[in-house]
Each structure stands twice: as C-alpha cells, then as structure tokens.
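The values are calculated or read from the model by the stated rules, or taken from the named source; none is laboratory data. A quick note: this is a predicted structure, and the numbers were derived from the prediction, not measured. Neighbour counts are summed over all protein chains in view; Cβ atoms, including those assigned to glycine, are modelled from backbone coordinates with ideal geometry. Just so you know, the surface numbers come from the protein's heavy atoms only, side chains and all, with ligands and any DNA or RNA stripped out. Shrake-Rupley method; radii C 1.70, N 1.55, O 1.52, S 1.80 Å.
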Amino acid sequence: MTTRLFARNFLVAMLAAVVLWPVSSARGGPLEVMQGTEIFTPPPDSDIPQGPFGDLVRKGEKIFTQTGRFARHYVGNDLTCESCHLNRGRKAYSAPLWGAYVLYPRFRSKNHMVNKLDERIQGCFRFSMNGTPPPVTSQTMKALIAYSFWMSRGAPVGVKLKGQGMLTLPKPGSTPSVLRGRKIYVARCALCHGMHGQGRTSHGGQVFPPVWGNRSYNKGAGLYKVAKLAGFVKMNMPLSKGDTLSDQASWDVAAYVDSQPRPANPRKRPRS
Amino acid sequence: MKVVLSVLLLVAEIVAFPAWSGATPLMDWGLHVAKEGNGKPGSTACMECHRLDGGGMPSIGSPRIAGQPSQYIAREIREVKAGKRYGPVMAGVVQNLSLRDIRAVALYYSRAKSPKLPDVGPSDPTLVGEGKHIATRGFWKKNIPACVQCHGPNGYGVPPLFPYIAGQNRTYLLRQLMAYAFLKRQDDPDGLMRGIARRMTMTQRKAVAEYFSSLKPPIRDVP
C-alpha cells in the first residue's frame, strides 16, 4: 500500500469515527463478539511507510515506549504506556492497541458516557500515568492515535477481538487474601519490583516499574481494581512467565498490591 | 526454593549498597584468594582462569567477572558448590572456599576493572543484526521479552541479581544459553532464564551471543 493510501485511510477512519459516533451511542457500543480463535497479528515495523504519516506512527511508538522522555509534561510517575501494554502495545491480554482502535467510540461504565479513543488515552494519562491528559489536538495525542490506527491495520472493525483488553478472571474460589498475596509477591514479584514495590533502576534508566508508592499508578487507574489487576497479572506476570500463577494466586497477589499506598484518585483530590 | 529466594532477596536488598569504608581487610583477603587461592590443600587461584583484573579467558570460555555485582558472584559460587549450576571446572576449584572467602573474593572482583578482551575467531555480522533485534525488541511470538528488559539498558545488568551480559565473551554466552536450555544450569530465580533459553532456536541463541559480545562492558563505580 502506498503512503497516500494510508494517509487517506487514516483520515477516512477518523471521519468515520466522528460520523459513527451517534450510531454506536444509540446502540450502546459495538457488538460484543469474539472474532475467531486466532490472535490478531499487527503489521510488521518494516511496513510503516515513509513520509509524514509514517513519521507520526514512529513518533507515537516513541511516546508509547518512552513516555517520560517524549511526553514529559503529561507524565507524573515512572511508568510508560508499555509498562502495562506490553510488547509496544501489541501483546494480547495487555489491552493491545490493535484491539482498542477498532472498538471505539464505545460506552464505558466507568464514566457512563460514550468514549472516544482519544478520551480513553487521556484517561490512561490521568490515572495510570498519574499525570495531565494531553489535549485532543496536541501532537502527542495525534501521534498516539496514528500509532494505534497503524497497528490495527487489517483488523475487523467494531468487534471485540480475541486478546482485546485484559483477561476477565472468573470469581475467585475464596475471597482474595492480602496475607497470601504478600507471600506470593515476595516469592515471585519482588525480584524485579522490589520488596517495597519501588521497582528498579540501572545506569540511570527505569528497568522494572514501581507497582505502588508515589511513582506508580493512582487510585483512579484501571489496575486499582483488584479484578482488572488480577487479570493483567495472570496473563503477563512474572514477565515472560504469564499464565503460570493460578487464578486464586493472581487474585491474592492483586489484592496485596492494591492494598499498598499509592497516589490518590484525582477525581477525589481537592481542586487546586 | 521460593523461601530460599525470598530470604535471598531480603538479604540482597539489605546489603545491596553497603558503605565501603572499613571493608579493606575483606578486600585484601579477596585479592589474596584471587591471586594465590585460600591456602588450603587443593585451592587454586582464580586468576588462572579469570585473570587478576577479572577479564576472563575467551579462549577457554571462562567468563569475565570484573564489575559483576558482588551478590551475584557470591551466589554463583555457592550454587556451583551446591551442584545446582553445572560447572565441572569451577566445581573442583571452589569446593574448599569458606563463606568468608567467597564474600571476600566476590567483593574483590565486583570492584575489579577490565576492558573487553577480544573473542576467538571471526564474528558473524549477519547474526549481530538479528541478535540486536531480539535483545532490544524481544521475540514475543515465543513470549521472549527484550533481553534488556531484565538485563538493563545495553545489557549492563540490574544489581543485585541480574548480571551484565554486555561485553561478555561469545563462547561463554552461548554456553550459558545452552546450559539453561538443557537444564544444566538450574540456579536462575523462578526459572526465568531456563524458560527463555529453551524457547529460543539455536540460531537465535548464537545471534544474541554475537550481539552482546560485540558490545563494550559497563563501567561500574558502585558494585
């Protein structure tokens, strides 16, 4: 495909999002269908075209993987987008961008409104990055949207793809226990995230992100819900050993991590 | 295993950055062991295979250990002693080391400095590119994260328990990846390296060994 065709598709998609918006709001969001049994494979890096559109995509990737460096003003902690959306936003069950782009606009119970993708991304800045949302018109936002659009090339629109979002675990057999969770944390997580959840740095760079404390996600974030965190941990942690904790262990360790101190929910913070 | 790991972590965290003033007797003893062994029957000087400056010997696949975190060095010696890390050459050498000997020599080498020593035989530049890709991007199809996600930027290590691999000799790197893949080395926390090495192809293992051996080792001020 040529660069121009891409740029055009991108514009068409943006336009479609605007046009379709009232439609999806009328039926309460896209169909909740699983598409096939295969996990979607996003296009390879080598396919990113030359020219302004390709540049925007590459910029989006830089912001995504080195958020503190390339979108400094909007970030309030030591995480990057990739800290939770693994493999540069590609890994299934870590809310991959290819699963997201085709789903928006959609209704979200969190704020009882139809949300667009840029608003969803703003949410991650405000809560998961404990920062300030970049304006919809900012270059930062445009680059992130272009990057998401690029990654969803070839994915069916308006449906829930397999591996989209985080895994929803079945209700735990017994109530998640902070005490059991602590033991699991010490045995399987502290090696990387530290005994105090502080993460680890090396040669001036953050290697393992903090999972609690004032440099981690705040109490308004998606992962501050034990169920969400349990699903994330189950499929993604310990790094490279996803799906090795039992469901119950994932619930327990999530309960422990989310019982630790972290920044307040900005919705509840007094406005300054 | 899990309990051992947690205790280890606690200890590692407490002693991660000790103050060095006053540690001189231990350093001196470490130098002695490295240079001449500990004096007990059968003891061998480490420098015979790792050099006094810790640069290792690429020709026999003996690793560079200069500047590795002292906790890591001490831990590996203990694991070789305990038989969890298969290392027939090392096993014969470290058997009679006391815990104090191990602490001393680990401290000594963690503070040693050595430039990268040349590898034997020509390198394969086509493999370096593939190795770099895996090292910095991973191979997620097989659930392999980028090596630098655990070994730190440029493979410079993340103390106390993630060793640096940049600038290590090629023969040793490949040998370790094989040892993890075929379970001769079983001392890695939570089986992380065993899992990763096992999921790699032979070509991929060679490629990352080529790549990391082509880099400069880190310059470390704090062990």
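Go through the range B:107-141 and flag every residue whose accessible area shrinks by 40 Å² or more with all protein chains in place compared to the isolated chain (probe 1.4 Å).
B:ARG137, B:TRP140
Take B:LYS141 and A:THR175, extend 7 Å from each Cα along the Cα→Cβ direction, and tell me the distance between the two endpoints in nm.
Each label point lies 7 Å from its Cα, and together they span 4.8 nm.
Let me check I've understood the local charge: for A:ILE63, count other residues with C-beta under 15 angstrom from its C-beta, Lys and Arg +1, Asp and Glu -1. What total comes out? Walk me through the numbers on the way to the answer.
Numbers: positive: A:ARG58, A:LYS59, A:LYS62, A:ARG69, A:ARG72, A:ARG88, A:LYS142; negative: A:ASP55, A:GLU61, A:GLU82, A:ASP118.
So the environment of A:ILE63 carries a net charge of +3.
Counting only protein heavy atoms and a 1.4 Å probe, tell me what percentage of the protein assembly as shown's accessible area is made up of carbon and sulfur. Each step should come with its number before you reach the end.
Numbers: 14350 of 23670 Å².
Answer for the protein assembly as shown is 61 percent, counting heavy atoms of protein chains only.
With a cut-off of 8 Å between alpha carbons and a minimum separation of six or more residues, what is the relative contact order of the range A:32-133 in percent? Don't skip to the answer; put the middle values down first.
Values: 93 pairs, mean separation 22.3, N = 102.
Here the relative contact order equals 22 percent.
Given contacts defined as C-alpha pairs under 8 Å and at least six residues apart, what's the relative contact order of chain B, whole-number percent? All intermediate terms of the calculation are to be shown ahead of the outcome.
Details: 355 pairs, mean separation 51.7, N = 223.
It comes to 23 percent, rounded to a whole number.
Using Stokes-Einstein with the Kirkwood hydrodynamic radius over Cα pairs, what translational diffusion coefficient do you get for the range A:111-162 at 4 °C and a viscosity of 1.567 mPa s, in µm²/s rounded to a whole number? Before the final figure, lay out the partial values.
Details: Rh = 12.3 Å.
Result for D is 105 µm²/s.
For a quick check of your reading of the filter: which trypsin sites (Lys or Arg not before Pro) in the range A:190-272 sit in a DSSP loop and have no more than 11 other Cβ atoms within 10 Å?
A:ARG267, A:LYS268, A:ARG271
Name the residues of the range A:202-234 whose accessible area, probed at 1.4 Å, falls by at least 20 Å² once all protein chains are in place instead of their chain on its own?
Buried by 20 Å² or more upon assembly, which counts only protein chains, are A:SER202, A:HIS203, A:VAL207, A:PHE208.
Suppose R0 equals 35 Å. What FRET efficiency, 1/(1 + (r/R0)^6) with r the Cβ-Cβ distance, do B:GLU36 and B:PHE182 give to the nearest 0.05? Intermediate values should be presented prior to the final figure.
Details: r = 35 Å, r/R0 = 1.01.
About 0.50, to the nearest 0.05.
Keeping every protein chain present and rolling a 1.4 Å probe, give me the accessible area per residue for the range A:117-178 in Å².
Numbers: 2590 Å² over 62 residues.
Per residue, the range A:117-178 has 42 Å² of solvent-accessible surface.
List the longest stretch of chain B that has no exposed loop site; here a site is one of the chymotrypsin sites (Phe, Trp or Tyr not before Pro) assigned by DSSP to anything other than H, G, I, E or B, with at most 13 other Cβ within 10 Å. Write down the numbers at each step before the final one.
Details: sites that count: B:TRP20, B:PHE182.
Answer from the scan: B:21-181.
Between B:ILE60 and B:THR203, what is the spin-label point distance in nm, taking each point 7 Å from the Cα along the Cα→C-beta axis?
Roughly 3.5 nm, to one decimal.
Which of the residues in the range A:177-193 show a loss of at least 10 Å² in accessible area from their chain by itself to the complete set of protein chains, at a probe of 1.4 Å?
Going by heavy-atom accessible area, the residues of the range A:177-193 that drop by at least 10 Å² are A:VAL186, A:ALA187, A:ARG188, A:LEU191, A:CYS192.
Tell me which lysines have Cα within less than 20 Å of B:LYS40's Cα, excluding those fewer than 8 residues away on the same chain?
The qualifying lysines are B:LYS81.
Note the buried accessible area between B and A here, summed over both chains, with a 1.4 Å probe, in Å² to the nearest 100.
Working: alone 11660 and 14380 Å², together 23670 Å².
Buried: approximately 2400 Å² between A and B.
Take every Cα-Cα pair in the protein assembly as shown and report what % of them are more than 40 Å apart. Provide the component values of the computation, followed by the final result.
Details: 34577 of 122265 pairs.
That tail contains 28 percent of the Cα-Cα pairs.
If R₀ is 45 angstrom, what is the calculated FRET efficiency for the pair A:MET113 and A:ASP47, using the beta carbon separation as r and rounding to 0.05? Kindly include the intermediate steps, with their values, before the conclusion.
Numbers: r = 35 Å, r/R0 = 0.78.
Taking R0 as 45 Å, the efficiency between A:MET113 and A:ASP47 is 0.80.
For every other residue with a beta carbon closer than 11 angstrom to the beta carbon of B:ALA166, add +1 if it is Lys or Arg and -1 if Asp or Glu, then tell me the sum.
On the way: positive: B:ARG64, B:LYS116, B:LYS216; negative: none.
Counting the neighbours of B:ALA166, the net charge comes to +3.
Each residue of the range B:99-114 in order: what ³J(HN,Hα) in whole Hz does its phi give by Karplus 6.51 cos²θ - 1.76 cosθ + 1.60, θ = phi - 60°, with x for Gly and Pro?
Those phi angles translate into 4, 5, 4, 5, 4, 5, 6, 5, 4, 4, 6, 5, 9, 6, 10, 8 Hz.
With every protein chain left in place, what is the accessible area per residue of chain B in square angstrom, probe 1.4 Å?
In whole numbers, chain B has 47 Å² accessible per residue.
Please list, in order along the range A:51-56, the HN-Hα scalar couplings obtained from phi with the Karplus expression 6.51 cos²θ - 1.76 cosθ + 1.60 (θ = phi - 60°), rounded to whole Hz, x for Gly and Pro.
With coefficients 6.51, -1.76 and 1.60, one gets x, x, 5, x, 4, 5 Hz.
Under 17 Å Cα to Cα from A:LYS91, which aspartates and glutamates show up? Leave out anything in the same chain fewer than 8 places away.
A:GLU38, A:ASP45, A:GLU61, A:GLU82, A:ASP243
Give me, ordered by chain and number, the residues 5 or more places off A:VAL207 or on other chains with an amide H under 5 Å from its own placed amide H.
Amide H neighbours of A:VAL207: A:ARG200, A:THR201, A:SER202.
Pop out the ³J(HN,Hα) list for the range B:194-201 in order, Karplus 6.51 cos²θ - 1.76 cosθ + 1.60 with θ = phi - 60°, rounded to Hz; leave Gly and Pro as x.
With coefficients 6.51, -1.76 and 1.60, one gets 4, x, 5, 5, 5, 7, 8, 7 Hz.
Pairs of lysines 8 or more apart, or on different chains, with alpha carbons under 28 Å: count those in the range B:105-192, would you?
On the way: B:LYS113/B:LYS132; B:LYS116/B:LYS132; B:LYS116/B:LYS184; B:LYS132/B:LYS141; B:LYS132/B:LYS142; B:LYS132/B:LYS184; B:LYS141/B:LYS184; B:LYS142/B:LYS184.
Summing the qualifying lysine pairs gives 8.
Count charges around A:MET235 for me, please; just the other residues with Cβ under 12 Å from its Cβ, Lys/Arg as +1, Asp/Glu as -1.
On the way: positive: A:LYS91, A:LYS228, A:LYS234, A:LYS241; negative: A:ASP243, A:ASP247.
Spelling it out: positives minus negatives among the neighbours equals +2.
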